[in-house]
1. How much length would be gained if the chain were fully extended between Glu136 and Asn248, taking 0.36 nm per residue of separation minus their Cα-Cα distance, in nm to one decimal?
2. Please report, in cubic angstrom per residue, the volume enclosed by the convex hull of the alpha-carbon atoms of the stretch 466-557.
3. For Phe13, what charge total do you get from the other residues with a beta carbon under 14 Å from its beta carbon, if Lys and Arg give +1 and Asp and Glu give -1?
4. With every protein chain present, what is the per residue accessible area of the chain (1.4 Å probe, Å²)?
5. Under a Cβ-only charge scheme (Lys and Arg +1, Asp and Glu -1), can you give me the dipole magnitude of the chain about the Cα centre, in debye to the nearest 20?
6. Taking the simple approach of a point 7 Å from Cα along Cα-to-Cβ for both Ala271 and Asp356, what is their distance in nm?
7. Based on the Cβ-Cβ distance from Ser461 to Glu78, what FRET efficiency comes out when R0 is 51 Å, to the nearest 0.05?
8. Once every DSSP H run of n ≥ 4 in the chain is given -39500 (n - 2.57) and the sum is divided by its residues, what mean residue ellipticity at 222 nm do you get, rounded to the nearest 500 deg cm²/dmol?
Amino acid sequence: MCSGLPLTSDPAFPIGAFWPPSMQSAFNTLARFQEMKDAGFTFSFIGASDDDDPAYINSSLSFLDQVGLKALVVNGPERAVQVYPNYTSHPSFVGFRLYDEPAPDAFADLATGTAAVRAAVPTLLPYINLPPGGGEDWRRYVQQFVGQVNPSQLSYDRYPLNSDGSDDPGYFAAWQDMRSAGLGTGLATWIYIQSLPFEGHRSPSAAELGWQVNVSLAYGCKGIQYFCYWTPRDSGGETFGPALIDFNGNRTPIYDAAKALNTGWLTPVGAALKPLVSEQVVHANESSLPAGALGFSPDVFLSGTGGSPVILGRFRSADRKSRTRWLLVANRSHSGTAQTTINVNTATVTAISRFDPATSTYVAQSNAARIAVSLAPGAAALFRLDATGASLDPQVQLVLVSGGTIYHAIQQVGGGWNGPNPLGDPARLVAISEINGAMNLIEIADDVVYHRVRAVDGSWSTRNEFGALASIASVATAAVVGSLQVVFVSSGVIFHAMQHPDGSWDGPNRLGDAANLVAATELHGTLNLIEISGAQIYHRVRYGNGEWSSRNLFDTVNGITSVAVTAVAGEMNVVLVAGGQVYYAIQHVDGSWQWPTATGDMADQVAASSVGDELQITEISGGQAYVRTRHGDGSLSPRTPVGGPGQITAAATTGRSPAPCM
């Protein structure tokens with residue numbers, strides 16, 4: 001729903017103008033839109049509501065055509081379907097702004113309306129902007145929005161510069177949450193930056209404009225929008241100070257600052273970062289971390305930092321085999337110069353180059369072991385960290401327990417296996433899910449719960465204990481809108497836990513359902529559980545807003561000893577072992593079920609993962625691991641051995657996490 005769309009998939013970095021000159025008819029001119037283009041903007045919102053005259057919108061679009069700007073026309077979904085034929089002759093017309101800051105009770109209508117716009121004009125961007133927020137309620141709001149509306153990108157506004165001179169203490173936490181949601185779904189994340197004074201907010205300096213941009217880039221932002229370009233008329237008790245252009249059409253110092261920032265830095269560095277994938281964002285050299293931020297720790301790319309506080313945004317190629325990384329170093333301060341050193345791990349990094357925005361090229365640094373950077377207030381610098389070799393690129397990852405020890409294997413594209421190789425951790429149960437290319441492993445040793453992560457580059461984190469439950473009989477994980485969710489059966493009852501983007505955990509919390517086995521998967525932005533209680537198979541859903549559906553019985557099968565579930569091409573596929581035989585069932589998009597079908601295989605345990613639009617079943621039979629695939633036409637491939645250790649007592653698999661929309 002997002003690949004190949006304008007603005008999100010174009011090579012140029014989107015720089016948007018809210019409140020264009022055409023909001024006053026006297027300034028709806030070619031010269032005024034040329035002025036916007038000269039300031040480095042790439043698109044503008046056009047219009048104000050469904051009441052706009054299409055003839056007037058056409059006049060604005062004609063000016064944008066001539067200067068080379070793109071436009072998102074402001075209309076609700078129903079009106080958009082009615083009026084889009086009026087605008088399709090304009091090359092500037094690339095989509096609609098369908099809604100701004102919707103409440104949850106608008107999501108159902110927005111889902112229907114967005115789908116209608118896509119059906120009518122699938123080549124246009126159906127844009128929706130979300131309100132500012134923070135904490136668990138806002139995380140749930142974003143997850144519910146993604147699950148219900150199925151957006152093409154994520155945009156929100158957050159204005160951090162307060163009129164008393166302070167900064168919004170929740171700015172980084174909100175970005176951490178939005179970044180996680182975007183990476184977990186493959187959706188590009190955009191933000192509005194503050195470019196004028198208004199109620200409770202100060203007028204930004206040039207450094208504060210740059211600081212908002214560079215913090216956002218470090219957190220993986222793929223689109224910047226200015227609130228506002230032109231100064232709005234005071235209304236509804238809300239007053240506005242001067243933006244880039246004041247109400248009477250005069251340029252302000254903010255125009256010059258934004259022009260220099262957009263043309264001299266954001267346009268070139270944004271284009272360099274846009275095709276890359278945000279891998280990590282940490283704060284370095286801060287004595288006390290702000291809410292939501294993660295602190296720096298050494299890894300295979302960076303060995304240490306010193307000097308002034310900075311934000312380090314690390315990026316990788318969309319090609320997960322590449323070991324080269326990119327590092328955006330952003331000044332943590334918008335009022336002071338940063339003098340910072342960063343030591344690289346020379347066992348991995350072979351050369352360092354600095355991005356030159358004037359030429360959009362990288363200039364080799366003489367010191368290949370250390371970055372020494374001086375940053376003006378609010379400024380940033382981009383470096384490329386070259387590394388040789390290639391990482392493995394799994395289509396499926398498999399974790400096994402054999403002899404009480406964990407093994408890990410990777411199935412590469414084409415079906416060949418690397419491993420299983422001993423990881424060495426003691427455990428009796430395992431569950432895995434992939435988020436942004438990184439595999440999250442939950443290990444149960446005795447009744448203690450551990451979490452460990454395998455990065456895209458193949459390195460492993462330490463093994464971290466996060467909880468304990470009595471008599472754990474089953475464990476499963478799912479990645480839902482960038483959040484790792486874990487379910488357990490403890491003493492015959494289901495518990496639920498989830499990890500927040502800042503690394504903290506909520507739970508395990510008692511869900512209360514009686515069960516002896518549980519499996520979990522993400523489907524349409526929701527957590528779906530398959531619960532086995534004796535011979536009964538139940539389905540239950542946790543929605544984005546944190547609410548749970550009722551527990552629905554969908555079949556009864558005797559002798560169930562293992563269950564797994566995954567999403568394949570938008571449908572839920574359940575695999576189970578009953579009476580020693582392997583079965584699968586499918587819940588179709590319309591909610592109907594295809595009842596359990598026997599594969600003819602004998603097994604003790606199963607795991608399931610999606611490979612493209614096909615179901616891959618991993619079967620443990622006689623202590624050995626085998627795989628076979630259910631193709632889209634319903635046929636099954638031959639069962640083939642994985643190899644590796646015998647005496648396998650537990651297994652889990654995961655397919656690839658969503659790729660970023662390009």
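1. 36.1 nm
2. 83 Å³
3. Working: positive: Lys70, Lys222, Lys274; negative: Asp10.
Taking every other residue near Phe13 into account, the sum is +2.
4. Details: 23230 Å² over 662 residues.
So the chain comes to 35 Å² accessible per residue, rounded to a whole number.
5. Working: 38 positive and 55 negative charges, 320 e Å.
It works out to roughly 1540 debye.
6. With each label placed 7 Å out from Cα toward Cβ, I get 1.6 nm.
7. 0.55
8. -5000 deg cm²/dmol
The values are calculated or read from the model by the stated rules, or taken from the named source; none is laboratory data. These figures come from a predicted structure and were not determined experimentally. Because the Cβ atoms are built from the backbone with ideal geometry, glycine has one as well, and the counts that use them run over all protein chains shown. Please note that ligands, DNA and RNA were not included when accessible areas were found on the heavy atoms of the full protein model with its side chains. Shrake-Rupley method; radii C 1.70, N 1.55, O 1.52, S 1.80 Å.
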